[in-house]
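Working notes for the structure below.
The values are calculated or read from the model by the stated rules, or taken from the named source; none is laboratory data. These numbers come from a predicted model, not from an experiment. Reconstructed Cβ throughout: ideal geometry from the backbone, glycine too, with neighbour counts over all protein chains shown.
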Amino acid sequence: MHATSILHAQATLGEGALWNPEMERLYWVDIEGKEFHVFDPATGHDRCYPVGSCIGTAVPMHGGHALVALQSGIHKIDLNTGQLTLLANPVADADQRFNDGKCDPAGRFWVGTLDLKQRDRTATLYRFDPDGSTHVMLRHVTNSNGLVWSPDRRTMYYIDTATQAVQAFDYDDATGSIDNPRVIIRIGEKTDGEPDGMTIDVEGKLWIALFGAGQVRRYDPETGALLQTIHVPAPNTSSCAFGGPELKTLFITTGRGGLTAQQQREFPLSGNLFAVEPGMAGVPAYFFGQG
């Protein structure tokens, strides 16, 4: 099955796809372009918010706001004006920046970092709670990436890209604690792509964007089996999210930064936003602060 380009974005590093079910809009970011985007697939209109620093991800809030993780900290952004309000900045190292993140079922924001100098095991996974407190959840991460929670709210799935694997953790919805890490999916050699962003469907199966492979793959978290592959005509597939009517469309971000001139000629759609209907529906995203 093949995805189709739906927005000629030409992003340097498109990432952070997430569907806001209340607005019926897709959130996505261009990390290195320092932009937060809100895309309406019904009209094709894409609103861009310049945010002034590298942006790892964005998650929905109620009341016309979103939460964005910038290199300068976690901010609230007013979707009407674009005004940013700093809420927390737990990252003291200037060589680290926020990367992927999502809200858990209780409305806490989980967001991790990566090291700009590509030093191994120097990054961190944080949890930012609605009461304003920040908690270190995992240390010694290399490239914190995809996050999702199982439909029964008992398991958190997590990708540290450098491990070429997906881990599962026991997750306590009441407290936000995690325990008992174990590898459930191994991607294999980096020639198969590097596991990046991730989403989950109504059957509890995982969809993983494989950076460098031009693919999004569906895996069974119980067995680790590969179930389905979506091909994207852009090698640097970075994130995916279900959205649209009945959450039946899989949106996929890509990037063109880092490609050689020859690769850019070979894959001219790199950096665009793609979509496909894979025959499966997703689950609604969680909002920051929801009970």
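Assorted remarks:
- Residue match in region 97-115 (condition: part of a loop (DSSP other than H, G, I, E, B), modelled with pLDDT under 95 and surrounded by fewer than 21 Cβ atoms within 10 Å (Cβ to Cβ)): no
- Within region 163-175, being in contact (Cβ under 8 Å) with a residue 40 or more places away in the chain and either buried (at least 21 other Cβ atoms within 10 Å of the Cβ) or in contact with a Lys or Arg (Cβ under 8 Å, 6 or more places away or on another chain) (or both) holds for V166, A168, Y171, D173.
- Remark: E266 falls outside the filter, which requires a residue to be out of contact with any Pro (no Cβ under 8 Å at 6 or more places or on another chain) and at positive phi.
- Test result for D30, modelled with pLDDT of 95 or more and acidic (D, E): yes
- Some residue of region 197-220 being at pLDDT below 95 and touching a Ser or Thr at 6+ places or on another chain (Cβ under 8 Å): no
- Positions within region 248-278 being touching a residue at least 12 places away in the same chain (Cβ under 8 Å), more than 17 Å from R25 (Cα to Cα) and not hydroxyl-bearing (S, T, Y), in sequence order: G255, R256, G257, G258, L259, Q263, F267, L269, G271, P278
- Only one of the numbered conditions (1) more than 18 Å from S238 (Cβ to Cβ); (2) within 16 Å of the chain's Cα centre (by Cα) is not met by R119, and that is (2).
- Residues in region 216-258 that are farther than 22 Å from T57 by Cα and either hydrophobic (A, V, I, L, M, F, W, C) or in contact with a helix residue (DSSP H, G or I) (Cβ under 8 Å, 6 or more places away or on another chain) (or both): A225, L226, L227, I230.
- If only residues of region 176-200 that are within 15 Å of the chain's Cα centre (by Cα) and within 23 Å of G107 (Cβ to Cβ) are counted, the one that is surrounded by the fewest Cβ atoms within 10 Å (Cβ to Cβ) is I200.
- Matching residues, region 7-31, being surrounded by fewer than 24 Cβ atoms within 10 Å (Cβ to Cβ), part of a loop (DSSP other than H, G, I, E, B) and more than 15 Å from the chain's Cα centre (by Cα): H8, Q10, T12, P21, E22, M23, E24
- Residue, surrounded by the most Cβ atoms within 10 Å (Cβ to Cβ), within region 260-291, restricted to residues that are aliphatic (A, V, I, L, M) and modelled with pLDDT of 95 or more: L273
- Flag for F242 being at pLDDT 95 or above and either crowded, with 24+ Cβ neighbours inside 10 Å or in contact with a Cys (Cβ under 6 Å, 6 or more places away or on another chain) (or both): yes
- Residue that is surrounded by the most Cβ atoms within 10 Å (Cβ to Cβ) [pool: residues in region 32-45 that are touching a residue at least 60 places away in the same chain (Cβ under 8 Å) and either in contact with a strand residue (DSSP E or B) (Cβ under 7 Å, 6 or more places away or on another chain) or farther than 23 Å from G101 by Cβ (or both)]: F39
- Residues located in region 154-190, provided they are closer than 23 Å to L227 by Cα and β-branched (V, I, T): T155, I159, T161, T163, V166, V183, I184, I185, I187
Quick grid of which residues meet (1) at pLDDT 95 or above; (2) assigned to a strand (DSSP E or B); (3) surrounded by fewer than 13 Cβ atoms within 10 Å (Cβ to Cβ); (4) under 15 Å from the mean Cα position of the chain (by Cα):
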| site | (1), (2), (3), (4) |
| --- | --- |
| G56 | yes, yes, no, yes |
| V59 | yes, yes, no, yes |
| H62 | no, no, yes, no |
| I77 | yes, yes, no, no |
| N80 | yes, no, yes, no |
| L87 | yes, yes, no, no |
| V91 | no, no, no, no |
| A94 | no, no, yes, no |
| L125 | yes, yes, no, yes |
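- Checking each residue in region 270-288 for being among the small types (G, A, S) and either over 21 Å from L147 (Cα atoms) or touching a His at 6+ places or on another chain (Cβ under 7 Å) (or both) picks out S270, G271, G279.
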